[in-house]
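Colleague: One structure follows; several queries about it will come next.
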Amino acid sequence: MIKVGLALGGGVFRGMAHVGVLQVLEENKIPVDLIVGTSMGALIGGVYSCGVAPRMILQIAQQLNMLDYYDISIPKDGLIKGDRVLALLRTLTGNRTFSQAKIPFSAVAVDIESGDMAVLEEGRICDAIRASISLPGIFVPHRLDGRRLCDGGLIDRVPVSVARQRGADVTIGVDVGYRKGYQQHTDGIFSLLLRAFDIMEWELAKARMSTADVLLTPDLKYIDYTSLKNAEEAVQLGRDECERQLPAIREAIRQAEERVAASSAQQESIPASSPKEKVKRTGGGRRKKADTL
């Protein structure tokens, strides 16, 4: 059996397109054997891995007023403390740990002090998501296991390589972030910071994302990534892109199954010498040498 890995990228509220992708995969019985997420991809992927259905994720998003969850802090390490967001994430995930996830899940963050990637897959899922969404300057970094962790998009916006490392035979990447040509009105500190991170992440992400077996790129350039008001439209755009790419996804799975089958057949065709045969051959060689002498 092959494993299909889903790598869900960051893109703030454009990440609602991930919900549409999950819907189409479910409807077409495309298996998802593991999920790796960065930033909003970690949020959607983490909640989904805990058993929350895509339609329910959309319903929750449409009912949320995110202003209720922005606990503004004195700007030392970030504008938003993130305690209220963490409480929301705890509720959405049922406070599950990674070992309790229904689908194996990993979240990508970055250790802001060492600069190293942090692949989170132990402890509470809500803590991992809180770390992965922590845009520097906006959210206070999340302290976890002695590290100060920030948004994983700083180092790997669509974590395809991590999905492969976790055993995926087929990788489906979903990029919902800024792409060259996206225009966005920047008004206020939040939108300016988000825009700056978007541009930086795009330049870093281009080469890495191309390693996915199938890369989904929903056309989200007209979606306001600072608000959930277009959540339903973003979901539909995710659906449209996944449906368009279904033939490529099925072909990638078919090719992976063929590779695995060919590899298994090759291993089975290699004759294994029994221990008795090895002893017999070795012994025969000794007798022949003695007879010659």
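Colleague: Treat each spin label as a single point 7 Å out from the Cα along the C-beta direction, and report the MET1 to GLN59 distance in nm.
Modeller: 3.0
Colleague: For a test of the definition: using alpha carbon positions, the gyration tensor, and the 1.5 limit on a/c, classify the range 226-271 as rounded, prolate or oblate.
Modeller: On the way: a/c = 9.40, a/b = 3.94, b/c = 2.38.
Judged from the Cα gyration tensor, the range 226-271 comes out prolate (a/c at least 1.5, a/b above b/c).
Colleague: Give, in nm to one decimal, the length gained when the segment between ARG254 and LYS102 is fully stretched (0.36 nm per residue of separation minus the Cα-Cα distance).
Modeller: Value of the extension gain: 52.2 nm.
Colleague: Here is a further query. Calculate the spin-label point distance for SER263 paired with LYS76, positioning each point 7 Å from the Cα along the beta-carbon direction, and give it in nanometres.
Modeller: Computed distance between label sites LYS76 and SER263 equals 5.1 nm.
Colleague: Let me ask something else. If the label point is 7 Å along Cα→Cβ of ARG143, which residues in the range 71-103 have backbone nitrogen under 18 Å from it?
Modeller: In the range 71-103, the label zone of ARG143 (backbone N under 18 Å from the point 7 Å along Cα→Cβ) covers 73-87.
The numbers here are math on the coordinates, done by the rules we state, and not lab data. No experiment lies behind these values; they were computed from the predicted model shown. As a convention, Cβ positions derive from the backbone with ideal geometry for all residues, glycine included, and neighbour counts pool all protein chains shown.
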